[in-house]
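My questions all concern the structure below.
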């Protein structure tokens, strides 16, 4: 990992802007760990200050639509397509960076449910006393998908009766860690940083919903040159091991 960071640092030095700036980054929760790690090295080597806003795709979209200025935005591919259609990002600045998958977590040391098939997953959901989920109303990609999945499986009413709602993925992990929820469902990368929980596994392949995340520069950016430098850093192949360690899959298409 030290070698990887060293390579990334060398790349950053080569693209250091002439004048430091304060950059605002709007980042989907699934990429929190990656952006914090890459951002810390970027700030150290360029002198730029990075201000983060970590939230759901829907919430971050609302910020740009309301007229807020930002220099980097990371949301789901579908969410980015919408922003592009609304001319809220710089044309040609989008880059797919990672794929996130949804998983199930339990409190550390607890027994993990069987998630090997769709039927097994369904039984686990019905057997659980409480399930932490991202509220679809908060605009979270995982919450919106799971809401439709439960309806498709015919268990939506059962799940809602015992749901423990959160607005972000990190809150789902917190609910499981504190014992408020027996199971937590959201992107694996959002639960992995919480050491008080363990990942029981991903959703079965046949009902999994891999979500591509895309980074771009908002049209409102006050520092597009510095934003492009950060974009180059976070999309470098040297960051792929960081992405994998965070529970994500690097996107190989540029």
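The values are calculated or read from the model by the stated rules, or taken from the named source; none is laboratory data. Just so it is clear, the model here is predicted, and its values are computed rather than measured. Counting neighbours? That spans all protein chains shown, and the Cβs are built from the backbone with ideal geometry, glycine included.
Filter segment 143-184 down to the residues that are part of a strand (DSSP E or B) and touching a helix residue (DSSP H, G or I) at 6+ places or on another chain (Cβ under 6 Å), then identify the one that is farthest from residue 127 (Cα to Cα).
Selected residue: 166.
Taking segment 203-218 on its own, how many of its residues are touching a strand residue (DSSP E or B) at 6+ places or on another chain (Cβ under 7 Å) and either at pLDDT below 95 or within 25 Å of residue 106 (Cβ to Cβ) (or both)?
The total comes to 5.
Quick check on residue 198: is it at pLDDT 95 or above and either surrounded by 20 or more Cβ atoms within 10 Å (Cβ to Cβ) or not in a strand (DSSP E or B) (or both)?
no
Now a separate question. Of everything in segment 53-86, what is in a strand (DSSP E or B), surrounded by 15 or more Cβ atoms within 10 Å (Cβ to Cβ) and within 14 Å of the chain's Cα centre (by Cα)? Give them in sequence order.
54, 55, 73, 74, 75, 76
For residue 123, all conditions in the list (1) out of contact with any helix residue (DSSP H, G or I) (no Cβ under 6 Å at 6 or more places or on another chain); (2) in a strand (DSSP E or B) hold save one; what is the number of the exception?
It fails just one condition, (2).
Okay, moving on. Hey, does segment 91-107 have a residue that's within 30 Å of residue 237 (Cβ to Cβ) and out of contact with any strand residue (DSSP E or B) (no Cβ under 7 Å at 6 or more places or on another chain)?
Yes, segment 91-107 contains a residue that is within 30 Å of residue 237 (Cβ to Cβ) and out of contact with any strand residue (DSSP E or B) (no Cβ under 7 Å at 6 or more places or on another chain).
For the condition in contact with a helix residue (DSSP H, G or I) (Cβ under 7 Å, 6 or more places away or on another chain), surrounded by fewer than 16 Cβ atoms within 10 Å (Cβ to Cβ) and modelled with pLDDT under 95, what is the one hit in 3, 16?
Exactly one of 3, 16 is in contact with a helix residue (DSSP H, G or I) (Cβ under 7 Å, 6 or more places away or on another chain), surrounded by fewer than 16 Cβ atoms within 10 Å (Cβ to Cβ) and modelled with pLDDT under 95, namely 16.
Report, by residue number, each residue of segment 208-250 that is without any contact (Cβ under 8 Å) to a residue 40 or more places away in the chain and outside any helix (DSSP H, G or I).
Hits for segment 208-250: nothing passes.
With the checklist (1) surrounded by fewer than 22 Cβ atoms within 10 Å (Cβ to Cβ); (2) modelled with pLDDT under 95; (3) farther than 20 Å from residue 227 by Cβ in hand, flag the one item residue 30 doesn't pass.
(1)
Go over the candidates 69, 57 one by one and state the one that is in contact with a helix residue (DSSP H, G or I) (Cβ under 7 Å, 6 or more places away or on another chain) and touching a residue at least 24 places away in the same chain (Cβ under 8 Å).
57 is the lone residue from the list that is in contact with a helix residue (DSSP H, G or I) (Cβ under 7 Å, 6 or more places away or on another chain) and touching a residue at least 24 places away in the same chain (Cβ under 8 Å).
Of everything in segment 211-228, what is within 18 Å of residue 94 (Cβ to Cβ) and surrounded by fewer than 19 Cβ atoms within 10 Å (Cβ to Cβ)? Give them in sequence order.
Within segment 211-228, 212, 219, 220, 224, 225, 228 meet the criteria.
From the list 93, 105, which residue is closer than 30 Å to residue 241 by Cα, modelled with pLDDT of 95 or more and assigned to a strand (DSSP E or B)?
Just a single option satisfies the conditions, and that option is 105.
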